[in-house]
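Student: This is the structure I have questions about; it appears just below.
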Amino acid sequence: MSKGSAELTHARREEIISACEKLYQTMSFKEITLKDIAGATSFTRTSIYNYFQTKEEIFLALMQKEYERWVEELDAMANAYTTMSIESFSGMLAHSLEKRSMLLKLLSMNHFDMEENSRPECLVDFKRAYGASIEAVRACLVRFFPDMDQKAQQDFLYAFLPFLYGIYPYTTVSVKQRQAMSEAGLNFVYMTVYDLAYNHIRALLEASVRIQKS
């Protein structure tokens, strides 16, 4: 493949992913079709199949891009500071999630079906980005909390990563959902992404420190 062809392929893929991202801001996954995505690009629906075979592959590529953006921020955080308290790190990590509303929304989706309807090579590319995010968080733990052993790091990651999947539905509530909870007598406490993430991250780190000292 020539340099020009590679650049065009990359540009076309990015245009498709950006179109999907824009549509997903106001439409649901079920509502969005390949026709809709093509309509938001400069080329035809048929041309999309040269880059993605299914809608799920486009969403997977969008989530991959969001992970890559998050990793860039985490790496910058690790490189910018030499020391950080539990409170400061919890705040920084919570702020990084607060900026990634698209990632949190994507994480709330049914990943099993999305991954099953994507080609293996697309899934591998996505898993690399996902793995990089795990290692970026781990690198922060190593840098800022050197007393945490490998088990403590793993315990943190396995409590923190699944937590990410539930942030969006707990912090983004529609008018219809609010009305239903009110009528059901549910005393739901509304929290921001930052507050929910900060409290969880800080609790995990404080628990780890207590275990390390015992």
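Student: Looking at 15, 66, which is the one that is of a type in the set (D, E, K, R), over 15 Å from residue 125 (Cβ atoms) and modelled with pLDDT of 95 or more?
Tutor: 15
Student: I'm trying to understand the selection: among the residues of region 75-94, which are buried (at least 16 other Cβ atoms within 10 Å of the Cβ) and within 21 Å of residue 164 (Cα to Cα)?
Tutor: Residues satisfying the conditions are 77, 78, 86, 89, 90, 91, 92, 93, 94.
Student: Follow-up question, since we're still on this one. Could you give me the residue pairs with C-beta distances under 8 Å whose first residue belongs to region 40-53 and is exposed (fewer than 13 other Cβ atoms within 10 Å of the Cβ), whose second residue is of a type in the set (A, V, I, L, M, F, W, C) and not in a loop (DSSP other than H, G, I, E, B) wherever it lies, and which are 6+ apart or on separate chains?
Tutor: Between residues of region 40-53 that are exposed (fewer than 13 other Cβ atoms within 10 Å of the Cβ) and residues that are of a type in the set (A, V, I, L, M, F, W, C) and not in a loop (DSSP other than H, G, I, E, B), the close pairs are 44/38.
Student: Where in region 119-214 are there helices (runs of 4 or more DSSP H), lying fully within it, with 3 or more residues that are crowded, with 17+ Cβ neighbours inside 10 Å?
Tutor: 120-144, 150-171, 193-213
Student: While we're here: Answer yes or no as to whether residue 6 is surrounded by fewer than 15 Cβ atoms within 10 Å (Cβ to Cβ) and either within 30 Å of residue 138 (Cβ to Cβ) or in the same structural domain as residue 201 (by TED's automatic domain parsing) (or both).
Tutor: Criteria not met by residue 6.
Student: Taking the stated definitions as given, is residue 112 more than 13 Å from the chain's Cα centre (by Cα), in a helix (DSSP H, G or I) and among the aromatic types (Phe, Trp, Tyr)?
Tutor: For residue 112, the condition - more than 13 Å from the chain's Cα centre (by Cα), in a helix (DSSP H, G or I) and among the aromatic types (Phe, Trp, Tyr) - is met.
Student: More than 28 Å from residue 55 (Cα to Cα), in contact (Cβ under 8 Å) with a residue 60 or more places away in the chain and under 20 Å from the mean Cα position of the chain (by Cα): is that true of residue 129 in this structure?
Tutor: No.
Student: For region 59-107, give me each residue that is within 20 Å of residue 170 (Cα to Cα) and either touching a His at 6+ places or on another chain (Cβ under 8 Å) or of a type in the set (Lys, Arg) (or both).
Tutor: 99, 100, 105, listed by residue number.
Conditions tested, residue by residue: (1) under 13 Å from residue 102 (Cα atoms); (2) in contact with a Ser or Thr (Cβ under 9 Å, 6 or more places away or on another chain); (3) assigned to a helix (DSSP H, G or I).
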| residue | (1), (2), (3) |
| --- | --- |
| 10 | no, no, yes |
| 14 | no, no, yes |
| 18 | yes, yes, yes |
| 28 | yes, no, no |
| 32 | no, no, no |
| 41 | no, yes, no |
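Student: While we're here: Please tell me if residue 24 is among the hydroxyl-bearing types (Ser, Thr, Tyr) and modelled with pLDDT under 95.
Tutor: The answer is no for residue 24.
Student: Take region 16-28 and flag every residue that is crowded, with 17+ Cβ neighbours inside 10 Å and either in the same structural domain as residue 100 (by TED's automatic domain parsing) or not charged (D, E, K, R) (or both).
Tutor: 16, 17, 19, 20, 23, 24
Student: Scanning for something closer than 21 Å to residue 69 by Cβ and at pLDDT 95 or above, does region 146-157 turn up at least one residue?
Tutor: Yes; the residues of region 146-157 include at least one that is closer than 21 Å to residue 69 by Cβ and at pLDDT 95 or above.
Student: How about region 83-106: which of its residues are of a type outside the set (Gly, Ala, Ser), in contact (Cβ under 8 Å) with a residue 40 or more places away in the chain and under 21 Å from residue 204 (Cα atoms)?
Tutor: Selection gives 83, 84, 86, 87, 89, 93, 95, 97, 98, 104.
The values are calculated or read from the model by the stated rules, or taken from the named source; none is laboratory data. Remember, predicted model here, so these are calculated numbers, not experimental data. Quick reminder, even Gly has a Cβ in these numbers, built from the backbone with ideal geometry, and neighbours come from all protein chains shown.
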